[in-house]
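Working notes, beginning with the structure itself.
The values are calculated or read from the model by the stated rules, or taken from the named source; none is laboratory data. As the structure is a prediction and not an experimental result, all values here were calculated from the model. Neighbour counts run over all protein chains shown; Cβ positions are idealised from the backbone, glycine included.
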Amino acid sequence: MQEWTIEQWENMKESEQLCAFYLYTPMCGTCMVASKMMAVMDQTLPDIPMGKANLNYVEQIAYDYKIESVPCLLIAENGKVRDKIYAFQSVSYLFEKFHKKD
């Protein structure tokens, strides 16, 4: 999974395809576990663009999307964030979140 800038995330989100932005901080233990789950998701779903960013370097995202804690996964579709996930329960839980239809 590649590191994205705020601009790359916004461009991908506005493309209206399903995409995800994983936000973490390097000293967060829970983020380390979530990062492993996201690596699996990235390998399992190669057709879905997924980026990541250290929230310390893209802190404007925290204000724009009202991020309450890390890890945080933003899943966007059709130009809008449809899910904001803080509890990375399991890989199968994340897989279901990517495939849900509203």
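Here are some notes:
For (1) at pLDDT 95 or above; (2) polar (S, T, N, Q); (3) under 23 Å from Lys100 (Cα atoms), each residue gets a yes or a no:
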| residue | (1), (2), (3) |
| --- | --- |
| Ser15 | no, yes, yes |
| Ala20 | yes, no, yes |
| Met37 | yes, no, yes |
| Ala53 | yes, no, no |
| Glu59 | no, no, no |
| Cys72 | yes, no, yes |
| Asn78 | no, yes, yes |
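- Criterion (touching a strand residue (DSSP E or B) at 6+ places or on another chain (Cβ under 7 Å), part of a helix (DSSP H, G or I) and modelled with pLDDT of 95 or more) met by exactly one of Gln8, Gln43: Gln8
- So Ala34, is it of a type in the set (Gly, Ala, Ser) and within 15 Å of Trp4 (Cα to Cα): no
- Filtered residue count, segment 56-86, keeping only those that are surrounded by 11 or more Cβ atoms within 10 Å (Cβ to Cβ) and closer than 23 Å to Gly29 by Cα: 19
- Selected residue (criterion: nearest to Cys72 (Cα to Cα)) from residues of segment 13-30 that are part of a helix (DSSP H, G or I) and over 12 Å from the mean Cα position of the chain (by Cα): Thr30
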